[in-house]
Amino acid sequence: MSNRTLRLTLCSLPVLLAAPAVFAQGQQQDFSQVQIKVHKVSGNFNYLEGQGGNVGVLVGDDSLLMIDDQFAPLSEKLVAAMKTLSNKPIRMLINTHVHGDHTGGNENFGKMGIDIIAHDNVRVRLARGVNGGAASPAVALPVVTFGDTITLHLNGETITIGKLPPAHTDGDSYIHFANANVIHVGDVFRTTGYPGVDGGNGGTVKGTIEALQKIVDMAGPDTKILPGHGVVSTRADVAAFRANTIEAQRRVTELIKQGMTVEQVVAANPTADLAPKFVTSGPQPDQAATTRFLTTFYNALKSEL
Ligand SMILES: [Zn+2]
């Protein structure tokens, strides 16, 4: 299992301007140092913070439902953290999207007999290998997939999993918990980074803006939005992120139309003042993160013109 993480890791290292694998994250991470923190969100819904995407956990009388599973070396720690919430078994695992920092534990959890649910495209991409990495073994693949929406009725909660427009990837889902009034939105929205448009896995800027609008429309004023990375947020936070994404789209598109190359756009850093608006928790993006963002954003926008 660590081999698989290593492969994702190695293929993502030096690729600054070619984009895709930068989304796998966790490069050369010493997972032994990672501690899992449990955060209560609302009602019986919690999330686990460790290394990688936020792990949503719905605690019920009969079982637990989890969303995303970070990296394979962290599975035991995630299970231990969930046991502090409940001794009931984990029944299902939903993947918000295909990236390795959200699906890296699939094989471990699949081997525990937990059913994995995801959008059709997540299964297709995992089955053939993501970002040049190895194909996932059958046990790591979703056993339930859907095209548009699927509804679960578990532990007195109504859980709607729905496809978002192709935004971060072409398999992004939101997971809406009606009673808890929570939406887990995966990496379409995050408070720790720029918008992440992974064109290599079907993501688009246009779809990101549409997906963010869909989340805003779905949420009420008191709905808690759990991002793929970062802290619990509100509908207004998502709306602001969308407005800033549109502004970044406008600026970079203008430079593309002026004929600037990706290197020239990176050098110009036209979205410098937007960085603190996108990144509202955690450290501000460094030069490498800004370069990755502008490169992927430029490439996506160019293909969308
Ligand atoms: Zn991602």
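The values are calculated or read from the model by the stated rules, or taken from the named source; none is laboratory data. From a predicted model like this one, the values you see are computed outputs, not experimental measurements. Here the Cβ positions follow ideal geometry from the backbone for every residue, glycine too, while neighbour counts run over all protein chains shown. What goes into the accessible areas is simple: the full protein's heavy atoms, side chains included, and nothing from ligands, DNA or RNA. Shrake-Rupley method; radii C 1.70, N 1.55, O 1.52, S 1.80 Å.
Before moving on, here are some points about what is shown:
- Across segment 152-171, the qualifying residues are those that are within 21 Å of Pro227 (Cα to Cα) and without any contact (Cβ under 8 Å) to a residue 24 or more places away in the chain, and the one among them that is farthest from the ligand (Cβ to nearest atom) is Thr158.
- Residue in segment 278-286 that is open to solvent by 60 Å² or more (accessible area, probe 1.4 Å) and in a helix (DSSP H, G or I) present: no
- Filter result for Ser32 (more than 16 Å from the ligand (Cβ to nearest atom), at pLDDT below 95 and polar (S, T, N, Q)): yes
- Conditions (1) under 24 Å from Val57 (Cβ atoms); (2) within 14 Å of the ligand (Cβ to nearest atom); number of the one not met by Phe177: (2)
- A single member of Thr245, Thr149 is away from the ligand (no atom under 16 Å from the Cβ) and over 18 Å from Asp101 (Cβ atoms), and it is Thr149.
- All conditions in (1) away from the ligand (no atom under 16 Å from the Cβ); (2) touching a Phe, Trp or Tyr at 6+ places or on another chain (Cβ under 8 Å); (3) closer than 21 Å to Gly193 by Cβ; (4) not acidic (Asp, Glu) hold for Leu58, with the sole exception of (3).
- Summed over segment 212-224, the residues that are touching a strand residue (DSSP E or B) at 6+ places or on another chain (Cβ under 8 Å) and within 16 Å of the ligand (Cβ to nearest atom) give a count of 1.
- Where helices (runs of 4 or more DSSP H) sit wholly within segment 65-140, those with at least 2 residues that are open to solvent by 30 Å² or more (accessible area, probe 1.4 Å) and closer than 20 Å to His184 by Cα occupy 120-128.
- Looking only at segment 195-204, and only at residues there that are of a type outside the set (Asp, Glu) and in a loop (DSSP other than H, G, I, E, B), the one that is surrounded by the fewest Cβ atoms within 10 Å (Cβ to Cβ): Gly202
- Positions within segment 168-194 being charged (D, E, K, R), in a loop (DSSP other than H, G, I, E, B) and open to solvent by less than 10 Å² (accessible area, probe 1.4 Å), in sequence order: Asp172
- Scanning segment 196-210 for residues that are under 20 Å from Leu274 (Cα atoms) and touching a Lys or Arg at 6+ places or on another chain (Cβ under 9 Å), we see that the one that is farthest from the ligand (Cβ to nearest atom) is Ile209.
- Residues being aliphatic (A, V, I, L, M), in contact (Cβ under 8 Å) with a residue 24 or more places away in the chain and buried (at least 22 other Cβ atoms within 10 Å of the Cβ) - total across segment 27-64: 4
- The residues listed here are Gln264, Gln249; of these, the one that is without any contact (Cβ under 8 Å) to a residue 60 or more places away in the chain and over 20 Å from Gly207 (Cα atoms) is Gln264.
- Taken over segment 95-130, the criterion of being within 16 Å of the ligand (Cβ to nearest atom) and among the polar types (S, T, N, Q) is satisfied by Asn95, Thr96, Thr103, Asn106, Asn121.
- Picking from residues in segment 65-94 that are under 17 Å from the mean Cα position of the chain (by Cα) and in contact (Cβ under 8 Å) with a residue 60 or more places away in the chain, the one that is farthest from the ligand (Cβ to nearest atom) is Ala72.
- Residues that are of a type in the set (Gly, Ala, Ser) and within 16 Å of the ligand (Cβ to nearest atom) were ranked within segment 225-242; the one that is surrounded by the fewest Cβ atoms within 10 Å (Cβ to Cβ) is Gly230.
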